[in-house]
Amino acid sequence: MIKRLRESLAAHIKEKYGVEISVALEKPPKLEMGEAASPVCFELAKRLKRAPRQIAQEIATGLPAIPGVARLEVAGAGYLNVFLDRGTFWQSLFDSKSAAGQAKDAAAHKVIVEHTSINPNKAAHIGHLRNAVLGDTIARILRNAGERVQVQNYIDNTGVQVADVVIGFQHMEKKSVADVRTMAAQPGFDYLCWDLYARVTQFYEQDKAQGAALRGATLRAIEEGHGEAAEMGTIIADAIVGFHLRTMKRLTISYELLARESEILHLKFWDAAFAKLKEAGAIQLATTGKMAGCWIMPAEKDGVTREDTESAQHEEEENTQDKIIVRSNGTVTYVGKDIAYQLWKFGLLGKDFNYKRWPDSPAGETVWTTTTDADDPAAPHFGEPASRVYNVIDTRQSYLQDVVAQGLRGLGHAEAAANSIHFSYDIVALTPRCASELGHQLSREDAKKPYVEVSGRKGLGVKADDLITKLEEATLAEVQKRHAEMTEDEQKATAHTIAVGALRFFLLKFTRTTIIAFDFEDALSFEGETGPYCQYAVVRIRGIRRKGAEAEPGKATAQAAKFLVGPEGAGLWELLLQAGMLDYASDAAIGAQEPAFVAKYAFQLAQAFNNFYHKHHILSEQDVEKRAFLLGLTEIVERQLVKALSLLGIEAPERM
């Protein structure tokens with residue numbers, strides 16, 4: 001209904017004044033002032049050079065009737081206050097039978113969400129979980145809004161991180177290709193690589209010149225796909241990707257396509273992009289100075305400053321400041337390959353991948369991957385151009401994402417650059433208490449800090465699987481105390497659902513630019529702004545509805561409006577109104593690129609229901625009609641809360 005109101009106002013303004021404008025809606029400070037208010041007349045006043053209140057009065061009297069809207073009133077200097085028809089609002093929510101998203105429009109332009117994109121050289125850590133949960137959630141929200149979304153996971157299987165682990169096995173551990181193949185098939189291989197990767201850093205410190213030469217030679221071999229180093233790199237990367245997919249499945253995260261960097265090189269994607277960049281003059285060959293022999297992208301006049309590059313990805317640490325695309329040794333930087341990948345996403349490269357099923361997909365899932373092998377005729381058409389691309393990458397990579405966009409602009413694709421959305425986020429750290437619980441030895445100084453940063457390169461961090469397992473164990477202990485009557489499998493399934501809800505909600509309730517300090521106790525609390533609090537509200541509602549099923553709440557719909565007026569009705573109306581704001585919260589999340597809006601909605605609805613539950617004795621209400629109405633209201637709240645949680649990737653267990 002709120003969406004219909006915005007669209008109707010925008011259409012009326014365009015017809016009457018010839019102005020296309022986005023209509024913003026706000027919540028008035030008091031319910032007596034209506035259910036929504038719009039400041040659109042103030043923006044119109046600037047364009048039409050007229051008084052905003054005069055425009056507001058014209059709109060209030062001239063706007064055609066909108067189903068569900070009782071009236072519009074002009075307030076203050078030109079606000080439009082909207083009063084909804086409460087009975088119609090109730091009926092529209094009560095008659096909504098599906099908790100699923102809107103039907104996907106097959107004609108809609110494709111939207112790509114690329115997320116997770118972990119270097120396949122070691123186990124995933126807690127920071128990767130924030131990336132994956134954010135990406136998975138925005139994809140769910142976009143689908144719910146009717147977008148045709150394709151989820152991709154970029155696999156950097158030819159980068160320096162994989163090369164480092166290859167060097168660790170070959171030159172530190174003295175392992176053969178056969179040795180690594182055997183090890184890669186065993187559980188815990190991703191943990192083994194985690195430790196080895198940290199030790200390679202120390203290995204390089206012993207002889208920096210030799211380490212740089214060794215890394216360069218190994219990286220070139222992997223990129224070209226020749227020799228034992230390349231074969232070992234493929235074994236390592238493919239095995240680690242399998243571990244990552246299974247880790248993410250624990251959080252109900254999946255992918256449609258694994259876009260591998262190796263195919264960007266071997267199918268000549270980079271060659272095609274390189275030729276285009278040179279032809280357009282977007283890159284130049286440096287002949288003097290420290291960049292001699294490198295292909296570079298000249299800085300834009302209004303581009304980022306040298307200081308902006310200090311936190312860029314390790315692979316580029318030695319030369320990101322100069323926007324190097326191809327190193328002097330001929331190897332391509334991450335940003336160069338990413339430009340080629342971004343061109344492909346928008347259908348601007350003139351090439352396509354071959355596709356096959358990923359052989360190590362999690363049980364019950366089909367995941368596709370790019371390949372140089374023969375194309376599988378059953379593969380979906382992944383090469384269709386996207387209209388918009390969300391790249392979920394942490395804020396420390398902002399510089400590199402700016403370079404990718406500059407590359408598109410340099411090739412004359414300004415629209416694609418504008419539709420390349422860097423869906424950035426800040427780091428996930430640990431509270432000192434959480435770090436200690438996970439076995440990290442903290443100095444006195446670190447113990448006093450608000451949070452402790454982690455580093456995968458130094459081996460200091462929280463592996464994602466360890467974190468999920470610890471949450472499940474803590475939750476299981478609580479479930480066993482509360483529900484001894486459950487079978488062991490039921491207890492474990494319930495604990496898993498609560499743990500996933502706790503973790504996902506904790507990672508989503510903060511805005512993307514907030515540094516998160518993770519803490520077990522805070523995340524698992526059944527009180528406050530947490531996943532379990534929202535889940536428990538659903539469990540409570542289901543318990544009420546089971547006990548009151550014989551009341552047939554549907555009978556209350558015809559007379560519902562009479563319970564939504566007066567002093568007592570105001571509180572019931574506010575709960576109903578809150579329940580009906582999910583689409584508004586979802587649209588706001590898309591507009592602001594902020595999934596936290598949906599998390600906030602879920603918490604506020606759960607909180608509003610709990611207040612309602614403590615105030616009204618639903619099952620013992622003597623008035624049969626009112627009892628049916630109250631049960632109907634709980635049904636609406638349950639449906640909306642379950643839907644909101646599903647957008648966050650969270651389920652509610654039957655019991656908690």
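The values are calculated or read from the model by the stated rules, or taken from the named source; none is laboratory data. All figures in this text were calculated on a predicted structure; none of them were measured in a lab. As a convention, Cβ positions derive from the backbone with ideal geometry for all residues, glycine included, and neighbour counts pool all protein chains shown.
Some notes on this structure:
- So residue 500, is it within 27 Å of residue 644 (Cβ to Cβ), crowded, with 20+ Cβ neighbours inside 10 Å and over 25 Å from the mean Cα position of the chain (by Cα): no
- Extreme residue, surrounded by the fewest Cβ atoms within 10 Å (Cβ to Cβ), among residues of the stretch 417-458 that are under 26 Å from residue 199 (Cα atoms), over 20 Å from the mean Cα position of the chain (by Cα) and small (Gly, Ala, Ser): 439
- Any pair with Cβ under 7 angstrom, 6 or more apart, that starts in the stretch 12-28 at a residue that is more than 14 Å from residue 587 (Cβ to Cβ) and in contact (Cβ under 8 Å) with a residue 40 or more places away in the chain and ends at one that is aliphatic (A, V, I, L, M) and outside any helix (DSSP H, G or I): 12/63; 13/19; 13/21; 28/37
- Within the stretch 166-217, if we keep just the residues that are at pLDDT 95 or above and among the polar types (S, T, N, Q), the residue that is nearest to residue 360 (Cα to Cα) turns out to be 186.
- Every listed requirement among (1) hydroxyl-bearing (Ser, Thr, Tyr); (2) assigned to a helix (DSSP H, G or I); (3) under 22 Å from residue 583 (Cα atoms) is met by residue 22 save one, (2).
- Long-range neighbours under 7 Å by Cβ, at least six apart or interchain, first residue assigned to a helix (DSSP H, G or I) within the stretch 425-450, second β-branched (Val, Ile, Thr): 432/452; 435/452; 446/452
- Failed criterion for residue 585 (all others in (1) surrounded by 19 or more Cβ atoms within 10 Å (Cβ to Cβ); (2) part of a loop (DSSP other than H, G, I, E, B); (3) aliphatic (A, V, I, L, M) hold): (2)
- Test result for residue 606, assigned to a helix (DSSP H, G or I), at pLDDT 95 or above and more than 27 Å from residue 561 (Cβ to Cβ): no
- In the stretch 610-647, residue surrounded by the fewest Cβ atoms within 10 Å (Cβ to Cβ) [restricted to those that are among the acidic types (Asp, Glu) and more than 30 Å from residue 134 (Cα to Cα)]: 623
- Among the residues of the stretch 387-405, the ones that are under 15 Å from the mean Cα position of the chain (by Cα) and either of a type in the set (Val, Ile, Thr) or within 18 Å of residue 336 (Cβ to Cβ) (or both) come to 5 in all.
- The set of residues in the stretch 158-184 being exposed (fewer than 14 other Cβ atoms within 10 Å of the Cβ) and polar (S, T, N, Q) consists of 176, 182.
- If the condition is being within 20 Å of residue 573 (Cβ to Cβ) and loosely packed, with under 14 Cβ neighbours inside 10 Å, then the stretch 32-56 contributes only 32.
- Residue 579 surrounded by fewer than 20 Cβ atoms within 10 Å (Cβ to Cβ) and out of contact with any Ser or Thr (no Cβ under 9 Å at 6 or more places or on another chain): no
- Among helices (runs of 4 or more DSSP H) entirely within the stretch 107-202, having at least 1 residues that are under 17 Å from the mean Cα position of the chain (by Cα) singles out 126-144.
- Selection within the stretch 231-266 - of a type outside the set (Val, Ile, Thr) and under 17 Å from residue 183 (Cα atoms): 231, 232, 233, 237, 238, 239, 242, 243, 244
Table: residues versus (1) of a type in the set (A, V, I, L, M); (2) in contact with a strand residue (DSSP E or B) (Cβ under 7 Å, 6 or more places away or on another chain).
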| site | (1), (2) |
| --- | --- |
| 225 | no, no |
| 238 | no, no |
| 241 | yes, yes |
| 271 | no, no |
| 280 | yes, no |
| 292 | yes, no |
